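Heads up, the thing below is written out as structure tokens.
The values are calculated or read from the model by the stated rules, or taken from the named source; none is laboratory data. Not measured: the values here are computed from a predicted model. All Cβ positions, glycine included, derive from the backbone under ideal geometry; neighbour counts span all protein chains shown.
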Amino acid sequence: MIGLVTFGILTLELAIIRWTSSQVRIFAYFNNVVLIGVFFGMGVGVALGKRLPGLVHLALPALLVLAIPMAFAEKLNLVRMTFPDNSIMLWGGEVIPANFTVFATHLAVFLSLHCLIIFIFVCCGAPLGYLFSRLPVLKAYSADLTGSLLGVLLFTAVAWCNAGPAVWLALACAPFVALVRTRTSVLLAVLVVALGFYSVQGAVFSPYNRIVVSNDPSLLFQKLEVNRDFHQYLHDLSDLRLAEPKLTEEERLFLGQFRNLYDLPFQANRHRGTALIVGAGTGNDVQAALRNGYSQVTSVDIDGMIIDIGRARHPEKPYSDPRVIPVVDDARAFFDKNREAKYDVVCYGLLDSHAMVSAMATLRLDNYVYTEEGIRAAWNRVAQGGHLSLAFSCVAGQWFFDRIYWTITKATGREPYTVLSPLHATATFIVPRDGAQIDFAVLGRSHRVMPESKMDVVITTSDDWPFLYIRPGVVPWGYATMLCFILILAAVTVRPVFGIGKSGTAFDWPIFLMGAAFMLIETRGVTSMSLLFGSTWIVNAAIFGGILLMVLLANALVMRTRWTNPFPGFVVLFIAVALLSFFPVGWLQTLPLLAKGVLAGLITGLPVGLAGIIVPMLLARATDGAASLGANLLGAVLGGCLEYYSMLGGLRSTALMALVLYLLAFGLLRRQAEAKVSTT
């Protein structure tokens, strides 16, 4: 039964994270906040389960309450709810004038929905706490991990099938229907699934995005949206299209501006043999390369469904041309996998992300593509006589343009020649290799722009600090307010729920700190492996499945050997976490794939395995295993909040913070052991 509960919790967690992201676009950028809420609810629910196991009967009713605003998000004006935090570049919010009323109102809506998610998982966690206390602790923990692992595997299979919300929610509801076993629970589950089906509204789902293709009201082109936000147009920019008599001069000029923007990277250099396009999408850049005489075009996009849409619906059919080689992969991973290949142009399309790497981290899918190391990897794919082209909308302002300009300069050792298009304030950065035959007449058709700030005063992006969209010198009030709310709510809740202060009741602080540190270690592992192998959904699924399998095996080892002394394991754990903190992960990119995989697995997996051995020993020693498990889950809330510090201190700081937390847990355990010895 424990496995059934944790299977349900894991699948419901993934379903809610994906569904909220596809219905209310702000959730797509705050997945980790939702994950923090999930752990908060689970921790409280596990602690309450011994006394209030019947809370599980409220899980499906609460889920139905959440499903109603999610399904009707468009009609309730929740879809494009702005969150004007000027510290983050999100859908133009960074240029919206500050308005406290709008900020407070929308923040209140977001936090209300977040509290509802927390309550759902309080109810879902209650049966876990009840059942956990009725089995030997390590056996119960093993069942817990097994259910979670099966949940990851099944949800991965569902994602592979491009299933939508109705399937996710059916998968998540089924275990709780089986637990409650009433006709009402069946009816509630059916209603939730029906609302999930209703919310689709003609969309299709890839493992990354909710995708809708529609005709623009102007009827000039089709529009593709992902996660309720504009992503790209499917252009017909052919000579025949631009010569159509029915076009007005204004429309012809408008389409001509788009054609100039797409043609520029492929007209800038007279060397026109092979092209590599990353962020190729539905194929606008691909068609531009073909139109300008490139003999072979390799197109890379992380979302295979968007490529399929381009193949089926793009009016110029670029993917039907035999000169085109479409590849579904992460751009950074493709650069590192194909080190021998060289291209006359390496072109970044308008490559931007509307999704996060995972709910574990504050990174967007495209963050590692735009770091100094990422652009250098692209530069290394440029042949002699070729050039690098990177286009990006700089509507956020001069600070954003300067950051990209100087990041490119650091990566290539050359200042780019940069021109500005009137469309979406798009800047195109051109960096030629020696021997390139740059056509300055072509570049001269657009306005040249230069940075206003010197390189040494601009914060550029790196693999340790890849936060391209964070505006310098601005306080992130939105993030800060949300995290403070969560921490205050946790502080108010923990004391009564865990009975702190009552006679004979003590909160398990060491295992709480272990949970916080483990969350940070997981985050560091996700970001490191995404850097090394790509930010693809299958890589993330393998990481999470691998972590759960490793912890499950570690628990089995403790059960078999009956180890009880955690202190030797801590010593090795400190060394492993320090290695994870200071090891130059980028160096692994220079190794062959097999060696890179083995070393990366050891460096990122060793702390996970060691922590997976120590935690079962602590659970086995606990006076109340369910309460200690709840404390461990609540620790993940602290770890999730601390992860935001990486926006200031860089990603390496996550492992360093984990090391500090493990040291604190070790110190508390030593003190408890010494106190026990002194009393005996």
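A few points about this structure:
- Of all residues in the range 621-629, none satisfies being crowded, with 24+ Cβ neighbours inside 10 Å, among the polar types (S, T, N, Q) and under 19 Å from the mean Cα position of the chain (by Cα).
- Residue, modelled with the highest pLDDT, within the range 222-240, restricted to residues that are over 14 Å from residue 284 (Cα atoms) and of a type in the set (Asp, Glu): 239
- A count restricted to the range 38-64 and to residues that are surrounded by fewer than 18 Cβ atoms within 10 Å (Cβ to Cβ) and not in a helix (DSSP H, G or I) stands at 2.
- Selected residue (criterion: farthest from residue 639 (Cα to Cα)) from residues of the range 1-37 that are among the small types (Gly, Ala, Ser) and buried (at least 24 other Cβ atoms within 10 Å of the Cβ): 22
- Checking residue 296 against (1) modelled with pLDDT of 95 or more; (2) over 32 Å from the mean Cα position of the chain (by Cα); (3) within 17 Å of residue 348 (Cβ to Cβ), the condition it does not meet: (3)
- Within the range 557-577, being touching a Leu at 6+ places or on another chain (Cβ under 9 Å) and within 20 Å of residue 139 (Cα to Cα) holds for 558, 559, 563, 566.
- Failed item in (1) crowded, with 19+ Cβ neighbours inside 10 Å; (2) part of a loop (DSSP other than H, G, I, E, B); (3) small (Gly, Ala, Ser), with residue 196 passing the rest: (2)
- Verdict on residue 401 being touching a strand residue (DSSP E or B) at 6+ places or on another chain (Cβ under 7 Å), of a type in the set (Phe, Trp, Tyr), crowded, with 21+ Cβ neighbours inside 10 Å and outside any strand (DSSP E or B): yes
- Residues considered: 636, 665. Of these, the only one that is within 22 Å of residue 483 (Cα to Cα), touching a residue at least 12 places away in the same chain (Cβ under 8 Å) and crowded, with 18+ Cβ neighbours inside 10 Å is 636.
- Residue 458 vs. criteria crowded, with 19+ Cβ neighbours inside 10 Å and either within 23 Å of residue 371 (Cβ to Cβ) or in contact with a strand residue (DSSP E or B) (Cβ under 6 Å, 6 or more places away or on another chain) (or both): yes
- Looking only at the range 515-534, residues that are modelled with pLDDT of 80 or more and over 22 Å from residue 649 (Cβ atoms) come to 0 in all.
The rows are residues; the columns are (1) surrounded by fewer than 18 Cβ atoms within 10 Å (Cβ to Cβ); (2) out of contact with any helix residue (DSSP H, G or I) (no Cβ under 7 Å at 6 or more places or on another chain); (3) farther than 30 Å from residue 301 by Cα; (4) β-branched (Val, Ile, Thr).
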residue	(1), (2), (3), (4)
467	no, no, no, no
482	no, no, yes, no
495	yes, yes, yes, no
508	no, no, yes, no
520	no, no, no, no
537	no, no, no, no
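- Filter result (of a type outside the set (D, E, K, R) and crowded, with 24+ Cβ neighbours inside 10 Å) within the range 280-293: 280, 281, 282, 283, 284, 286, 287, 288, 289
- No other residue among 549, 513, 591 is without any contact (Cβ under 8 Å) to a residue 60 or more places away in the chain and not assigned by TED's automatic domain parsing to the domain that holds residue 154 apart from 591.
- Residue within the range 248-267 that is of a type in the set (Gly, Ala, Ser), surrounded by 23 or more Cβ atoms within 10 Å (Cβ to Cβ) and either closer than 23 Å to residue 227 by Cβ or not assigned by TED's automatic domain parsing to the domain that holds residue 589 (or both) present: no
- Residues of the range 552-577 satisfying the condition of being assigned to a helix (DSSP H, G or I) and either free of Cβ contacts under 8 Å to residues at least 40 places away in the same chain or among the polar types (S, T, N, Q) (or both): 555, 560, 561, 568, 571, 572, 575, 576
- Flag for residue 349 being in contact with an Asp or Glu (Cβ under 7 Å, 6 or more places away or on another chain), buried (at least 18 other Cβ atoms within 10 Å of the Cβ) and at pLDDT 95 or above: no
- Remark: pairs (first residue in the range 279-297, under 23 Å from residue 374 (Cβ atoms); second residue modelled with pLDDT of 95 or more and polar (S, T, N, Q); Cβ separation under 6 Å; 6+ apart in sequence or on different chains) = 280/299; 286/299.
- Taking the criterion of being in a helix (DSSP H, G or I), polar (S, T, N, Q) and more than 30 Å from residue 614 (Cα to Cα), the residues of the range 137-188 that qualify are 184, 185.
- Residue 75 meets each of the listed conditions (1) of a type in the set (D, E, K, R); (2) within 19 Å of the chain's Cα centre (by Cα); (3) at pLDDT 90 or above apart from (2).
- All of (1) at pLDDT below 95; (2) more than 30 Å from residue 313 (Cα to Cα) hold for residue 190 with one exception: (1).
- Remark: pairs (first residue in the range 65-76, surrounded by fewer than 14 Cβ atoms within 10 Å (Cβ to Cβ); second residue part of a helix (DSSP H, G or I) and at pLDDT below 95; Cβ separation under 6 Å; 6+ apart in sequence or on different chains) are absent.
- One residue stands out in the range 654-680 among those that are among the hydroxyl-bearing types (Ser, Thr, Tyr) and modelled with pLDDT of 90 or more: the one that is nearest to residue 462 (Cα to Cα), namely 654.
- The listed residue being outside the structural domain of residue 253 (by TED's automatic domain parsing) and in contact (Cβ under 8 Å) with a residue 60 or more places away in the chain, out of 466, 422, 432: 466
- The range 367-398, residues that are surrounded by fewer than 24 Cβ atoms within 10 Å (Cβ to Cβ) and part of a loop (DSSP other than H, G, I, E, B): 380, 381, 394, 395, 396, 397
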